[in-house]
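Visitor: Got a structure here, written out as structure tokens. Questions coming.
The values are calculated or read from the model by the stated rules, or taken from the named source; none is laboratory data. Keep in mind that what you see is a predicted model, and the values were worked out from it rather than measured. Cβ atoms come from the backbone with ideal geometry, glycine included; neighbour counts cover every protein chain shown. Surface accessibility is based on the protein's heavy atoms, side chains included, excluding ligands, DNA and RNA. Shrake-Rupley method; radii C 1.70, N 1.55, O 1.52, S 1.80 Å.
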Amino acid sequence: MAKAPEEIEYIRDERGRKKAVVLPIARYRRLMEDLHDLEVILARRDEPPSSIDEVEELLRGDGLLPRRS
């Protein structure tokens, strides 16, 4: 089943120029989440990268990955 297109409405001035946009709330929330993700990336851009082993160990410590046997 095809996904229905989201309705985006533009508010225009008397000359027909776009001045504002009305988005479905789900689309707005996705955009806000994407913006937040970009802010986190920007804030962490100078941090040194972590190896996969370091990440796995952190996840194991948090109980998100099983311990190695």
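Visitor: Return the carbon/sulfur percentage of the accessible area of the chain, one whole number, probe 1.4 Å, all protein chains in place. Before the final figure, lay out the partial values.
Guide: Working: 3790 of 6810 Å².
Heavy-atom surface of the chain belonging to carbon and sulfur, 1.4 Å probe: 56 percent.
Visitor: In addition: What do you get for the angle between helix 52-61 and the principal long axis of the chain? Use alpha-carbon atoms, 0 to 90 degrees, nearest ten.
Guide: Computed tilt is about 80 degrees.
Visitor: What shape does the chain take by its C-alpha gyration tensor, where a ≥ b ≥ c are the square roots of the eigenvalues and a/c under 1.5 counts as rounded, a/b above b/c as prolate, and the rest as oblate? Don't jump to the answer; show the numbers that get you there.
Guide: Numbers: a/c = 5.13, a/b = 2.35, b/c = 2.18.
It is prolate, given that a/c is not under 1.5 and a/b is the larger ratio.
Visitor: Can you list residues from other chains, or at least 5 along the same chain, whose modelled amide H is less than 5 Å from the amide H of Leu65?
Guide: Arg60
Visitor: Just the accessible area per residue of the chain, please: how many Å² with a 1.4 Å probe?
Guide: Values: 6810 Å² over 69 residues.
Result: 99 Å² per residue.
Visitor: How do Leu58, Leu35 stack up against each other in accessible area, from largest to smallest, with a 1.4 angstrom probe?
Guide: Working: Leu58 120, Leu35 85 Å².
Output order, biggest surface exposure first: Leu58, Leu35.
Visitor: If you count only protein heavy atoms and use a 1.4 Å probe, how large is the accessible surface of Ile41, to the nearest 10 Å²?
Guide: 110 Å²
Visitor: Oh, and also: Roughly how big is the chain's charge dipole about its Cα centre, with Cβ charges of +1 (Lys, Arg) and -1 (Asp, Glu), in debye to the nearest 20?
Guide: Numbers: 14 positive and 16 negative charges, 95 e Å.
Result for the chain is approximately 460 debye, rounded to the nearest 20.
Visitor: Say the dipole of the chain comes from +1 at the beta carbon of Lys and Arg and -1 at that of Asp and Glu; which of Pro48, Leu35, Pro66 then lies farthest toward its positive end?
Guide: My answer, from the dipole projection, is Leu35.
Visitor: If ligands, DNA and RNA are left out, what is the accessible area of Leu38 with a 1.4 Å probe, given in Å² to the nearest 10?
Guide: 110 Å²
Visitor: With loop defined by DSSP as not H, G, I, E or B, and exposure as at most 12 other Cβ atoms within 10 Å, which is the longest segment of the chain clear of exposed GluC sites (Glu not before Pro)? Before the final figure, lay out the partial values.
Guide: On the way: sites that count: Glu6, Glu7, Glu14.
Here the longest run is 15-69.
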